[in-house]
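The values are calculated or read from the model by the stated rules, or taken from the named source; none is laboratory data. On a predicted model such as this, the values are computed, not experimentally measured, just so you know. Using ideal geometry, Cβ is built from the backbone for each residue, glycine included, and neighbour counts are taken over all protein chains shown.
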Amino acid sequence: MGFKREIIWFYDLIPPSPQIVCSYYDVPVDNFTVSFSDGRVLCLLVHHYHPELLPLSRVRLQTSLAHQELELNTSRDYLSNSILVDSELYRDNEKENFRLLAEVMKGLAGVPAMIFAGDMIGTVPDEKVVITFVAYLCSALVEVPAPS
């Protein structure tokens, strides 16, 4: 079994998978590295399982990665005339997503602190670390009882 097949198999272990969850919010998940680097996917996973822990309104969706995705899907002429790039705002939004995640993790048992904004933002995160963290996070999220 090759490495790529193992990753696909891992995606199948987490119901619902990050790709399926994030597709509800129009956020693509292509891999366990860059797709997780701005914190959106992790926050959306928390929101999806437990919106009371992290309301969607608190998740910062405008990030540098989101802007890059928009660039890929929109003509350059449209972008240059209508979208002002604010990289400082994007970086602040990414930091806020990881701050929100850290806040939520304090209340989740069994999720080790292994994802930090400094290791994720503006770089290609370590795939094995992200996979491990997502497994712990999803396991904890499905075990948290919904409020009565």
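Among the residues of segment 21-32, those identified as outside any helix (DSSP H, G or I) and under 10 Å from the mean Cα position of the chain (by Cα) are Val27, Pro28, Val29, Phe32. If you go through segment 57-92 and keep only what is small (Gly, Ala, Ser) and either surrounded by 15 or more Cβ atoms within 10 Å (Cβ to Cβ) or modelled with pLDDT of 90 or more (or both), you end up with Ser57, Ser64, Ala66. Residues in segment 1-56 that are at pLDDT 55 or above and among the small types (Gly, Ala, Ser): Ser17, Ser23, Ser35, Ser37, Gly39. Of the helices (runs of 4 or more DSSP H) lying entirely inside segment 86-148, not one contains at least 3 residues that are touching a Gly at 6+ places or on another chain (Cβ under 6 Å) and among the hydrophobic types (A, V, I, L, M, F, W, C).
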